[in-house]
């Protein structure tokens, strides 16, 4: 139950970020304290928004059966690990201030920890493929 709630919270966060990056990227970045971006950056931010939105919607669905869709949980762990690595790297290089990276890095670490700790295990005869594609 707690895993399903965590997955739904992650889903909502992804959807909200996606919606804001899609319809109000400049406002979102300024609210978070980032520099004003050039207008041509709105295109890659729109592409980022699409990914946030789709992953959020998929995660809402994944919450219905986390064991069956465990590969998606592993994918989110990998995404958050990359996010954390980039945040730590850029913060240590003084490219991004800790005031900008601290909260997102904390969120990434928390999501990784919860999904690793609460990751569903195979039970009994339940067969779960760890391969993204299987042959008939």
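The values are calculated or read from the model by the stated rules, or taken from the named source; none is laboratory data. Because the structure is predicted, anything quoted here is derived from the model rather than measured. So basically every Cβ, Gly included, is an ideal-geometry build from the backbone, and we count neighbours across all protein chains shown.
Selection of the range 25-74 for residues being more than 19 Å from the chain's Cα centre (by Cα), free of Cβ contacts under 8 Å to residues at least 24 places away in the same chain and part of a loop (DSSP other than H, G, I, E, B) yields 35, 36, 37, 38.
Exactly one residue out of 84, 67 is at pLDDT below 95, surrounded by 14 or more Cβ atoms within 10 Å (Cβ to Cβ) and within 23 Å of residue 5 (Cα to Cα): that is 67. Taking the criterion of being surrounded by fewer than 13 Cβ atoms within 10 Å (Cβ to Cβ) and either modelled with pLDDT under 95 or touching a helix residue (DSSP H, G or I) at 6+ places or on another chain (Cβ under 6 Å) (or both), the residues of the range 98-109 that qualify are 98, 99, 103. Does residue 135 qualify as being at pLDDT below 95, part of a loop (DSSP other than H, G, I, E, B) and surrounded by fewer than 14 Cβ atoms within 10 Å (Cβ to Cβ)? So residue 135 passes the test.
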